[in-house]
Amino acid sequence: MAVEVTKLPSGLTVVTDSMPHLETAALGVWAGVGGRDEKTNEHGISHLLEHMAFKGTKTRSSRQIVEEIEAVGGDLNAATSTETTAFYARVLKADVPLGLEVLSDILANPTFDPDELEREKSVIVQEIGAAQDTPDDVVFEHLNELCYPDQPMGRSLLGTAKTLQGFDRDMLQDYLSTHYRGPEMVVAATGAVNHRQVVAEAHKHFASFEGTQGPKPQPATFGKGGSKVVHRDLEQAHLTLALEGLPQAHPELFSLQVFTNILGGGMSSRLFQEVREKRGLCYSIYSFHAPYSDTGFFGLYTGTDPNDASEMMEVIVDVIRESVETLTEAEIARAKAQMKAGLLMALESCSSRAEQLARHMLAYGRPLTAEELIQRIDAVSVESTRDAARGLLTRSRPAVAALGGGRGLDTAVAFAEGLTGVRDKTLLH
């Protein structure tokens, strides 16, 4: 693999990783803008803009956009997250110029046709409805609101039916021109690509994205914790717990990730073994850590019979507390092996590699090598993992959200609130 980076006069960065043994390429444009950049009256606009980018340009209709790529066997897609929005294509190596030209066209020349806009608003309203019919989506929405109250990070990326109706063509165009600027955009290409060719195509097609950096989002502030119980007639009780984690560049990030994996990162994890295998209290239980530029989010999810909810949460709290001081060398080694394997497996996919390179450029300003990442993983020790775990339990009060029926939910969240030894007496219903 040969990673090369070029910064264009516009400030846009081009990063490539040539994989000569492949016949296909993954291309994408990553912009450092997402849900957390939205003002109150812009809630959901990042996601709407992502949808509208495919709905027609000055030279292509929405149908022509997809047909032109699919006619050569490729595909197009996009995704919106809290801090980034990505537009990407997968094509054969001969069609790399076409892929880059189409990606630039949908971002530089969208028409935001009013009729298409109204149709897409309706599509997203259906998407919101589908999310509301998915309990594990709903419970995490409530959890995010507790973790980041009165902040963009605490809101759903989809927006609401009401906020969507307030968006028009001018608002979309203004949001695009304000936030999609060269210094905060990355073109990443991996697989059967030539760096010089990609740079030349990017220079030609993305020249309009220039200027200074866009406005910075407000700093994230993790909330004071507390609980929210939402009663709904469901077969399962859905339980979530969150603590303030660590930002992307924090030196303890890898140690905290190791602890997260030991706790609930797989079938050999402590929670899975204790809660599912030994006690049979659930089908699914997992923990994760999501780092952002200035904060981090440690989360835990499980679903169980409502009658078992209180016992489930009591066991979870006990396992977390015990794990902090009883981590073993064998568990550390296993978690590190899992992380390294996941890293190296991802490098074998050009799509995953393109995304990794783009995210590294936005987060660190440079691509981190596999060797560097493995060194950071190898540097994790039992003591550094314990320190990271102790920090996790002292950094914030837990935020707990529960969704379902039965009387056990209030008791369950009360157990969870006691995880760090400090309870917030406020219980919302």
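The values are calculated or read from the model by the stated rules, or taken from the named source; none is laboratory data. Here the structure is a predicted model, which is why all the values come from computation and not from measurement. Cβ coordinates were reconstructed from backbone atoms using ideal geometry, including for glycine residues, and neighbour counts include every protein chain displayed. Ligands, DNA and RNA are excluded from the accessible area calculation, which covers all protein heavy atoms including side chains. Shrake-Rupley method; radii C 1.70, N 1.55, O 1.52, S 1.80 Å.
Counting pairs of alpha carbon atoms under 8 Å apart in space and at least six apart in sequence, what relative contact order in percent does the chain give? Could the numbers behind the result be given before it?
Numbers: 860 pairs, mean separation 92.3, N = 429.
Dividing the mean separation by the residue count of the chain yields 22 percent.
Treating cross-link reach as a plain straight distance, find the lysines whose alpha-carbon is under 17 Å from the alpha-carbon of Lys224, omitting any fewer than eight places away in the same chain.
Counting by Cα, and skipping residues close in sequence, Lys224 has these lysines nearby: Lys425.
Can you tell me which lysines have their Cα less than 25 Å from the Cα of Lys336? Leave out same-chain residues fewer than eight positions away.
Result set, ordered by chain and number: Lys278.
Let me check I've understood the local charge: for His142, count other residues with C-beta under 12 angstrom from its C-beta, Lys and Arg +1, Asp and Glu -1. What total comes out? If you can, show how the numbers build up before the last one.
Values: positive: Arg155, Lys228, Arg232; negative: Asp136, Asp137, Glu141, Glu145.
That sum, taken over residues with Cβ under 12 Å, equals -1.
Determine the principal axes of the Cα atoms in the chain, then give the extent along each, sorted from largest to smallest and rounded to whole angstroms.
60, 48, 37
So what is Rg over Rh here for region 44-153, counting just Cα atoms and using Kirkwood for Rh?
Working: Rg = 16.5 Å, Rh = 15.7 Å.
With Rg and the Kirkwood Rh in hand, the quotient comes to 1.05.
Evaluate the charge dipole of region 287-339 about its Cα centre and quote only its size in Debye, nearest 20, assuming +1 on the Cβ of each Lys and Arg and -1 on the Cβ of each Asp and Glu. It would help to have the intermediate numbers written out before the result.
Working: 3 positive and 10 negative charges, 70 e Å.
Using Cβ point charges on Lys, Arg, Asp and Glu, region 287-339 gives about 340 debye.
Local charge sum around Ser208 (other residues, Cβ-Cβ under 15 Å, Lys/Arg +1, Asp/Glu -1)? Provide the component values of the computation, followed by the final result.
On the way: positive: Lys58, Arg181, Lys204; negative: Glu101, Asp105, Glu184, Glu201, Glu210.
Net charge in that neighbourhood comes out at -2.
In whole Hz, with x marking every Gly and Pro, tabulate ³J(HN,Hα) for region 157-168 from phi via Karplus 6.51 cos²θ - 1.76 cosθ + 1.60, θ = phi - 60°.
The phi angles translate into 5, 6, x, 10, 4, 6, 5, 4, 5, x, 8, 10 Hz.
Summing Lys, Arg as +1 and Asp, Glu as -1, what charge do residues with Cβ under 14 Å from the Cβ of Lys121 carry, Lys121 excluded?
Working: positive: Lys55, Arg119, Lys162, Arg169; negative: Glu50, Asp113, Asp115, Glu116, Glu118, Glu120, Glu127, Asp168.
Net charge in that neighbourhood comes out at -4.
Run through the DSSP bridge list for the chain and note the antiparallel percent, rounded to the nearest 5. List each step's numbers first, then the result.
Working: 49 of 63 bridges.
Around 80 percent of the beta bridges assigned by DSSP in the chain are antiparallel ones.
Give the carbon-plus-sulfur fraction of the accessible surface of region 290-342 in %, rounded to a whole number; probe 1.4 Å, heavy atoms of protein chains only. Write out the running numbers ahead of the final one.
Numbers: 970 of 2040 Å².
Within region 290-342, the accessible surface is 48 percent carbon and sulfur.
List the residues of region 95-115 whose backbone N lies under 18 Å from a point placed 7 Å from the Cα of Gln64 along the Cα-to-Cβ direction.
98-115
Counting only heavy atoms of the protein chains, get the accessible area per residue of the chain (1.4 Å probe) and round it to a whole Å² value.
On the way: 18630 Å² over 429 residues.
It amounts to 43 Å² per residue over the chain.
Using the alpha carbon gyration tensor of region 50-91, what are the three equivalent-ellipsoid semi-axes (square root of 5 times each eigenvalue), largest first, in whole Å?
On the way: eigenvalues 78, 39, 7 Å².
Working through the eigenvalues yields semi-axes of 20, 14, 6 Å.
Residue by residue through region 261-271, what is 3J(HN,Hα) from phi via Karplus (6.51 cos²θ - 1.76 cosθ + 1.60, θ = phi - 60°)? Round to whole Hz and write x for glycine and proline.
Computed from phi, the couplings for region 261-271 are 5, 4, 6, x, x, x, 5, 8, 5, 5, 5 Hz.
Calculate how large, on average over all directions, the projected area of the Cα convex hull of region 102-154 is; give the answer in nm² to one decimal. Please report the intermediate quantities before stating the final value.
On the way: hull surface 22.3 nm².
Its average projected convex-hull area is 5.6 nm².
What fraction of the Cα pairs in region 255-340, stated in percent, has a spacing above 17 angstrom? Before the final figure, lay out the partial values.
Working: 1707 of 3655 pairs.
Of the Cα pairs, 47 percent sit more than 17 Å apart.
Rounded, prolate or oblate for region 77-121? Axes are the square roots of the Cα gyration tensor eigenvalues, ordered a ≥ b ≥ c, and the cut-off for rounded is a/c under 1.5. It would help to have the intermediate numbers written out before the result.
Details: a/c = 2.51, a/b = 1.51, b/c = 1.67.
The shape class here is oblate.
Quick one: which of 93-100, 283-290 comes out on top by average Cβ neighbours within 10 Å, and what's the full order, highest first?
Numbers: 93-100: 20.1, 283-290: 17.0.
By packing density, highest mean first, the sequence is 93-100, 283-290.
Could you check which residue among Leu48, Leu27, Leu327 shows the biggest mean-square fluctuation in a GNM of the chain with a 10 Å Cα cutoff?
Leu327
Quick one: Karplus J couplings for region 400-416, per residue in order, coefficients 6.51, -1.76, 1.60, θ = phi - 60°, nearest Hz, x for Gly and Pro?
Result, ordered by residue: 10, 10, 9, 9, x, x, x, 8, x, 5, 4, 5, 4, 5, 5, 4, 5 Hz.
Rounded to the nearest 20 debye, what is the charge dipole size of the chain about its Cα centre when +1 sits on each Lys and Arg Cβ and -1 on each Asp and Glu Cβ? Could you put the intermediate results ahead of the total?
Working: 40 positive and 59 negative charges, 146 e Å.
Around 700 debye, computed over the chain.
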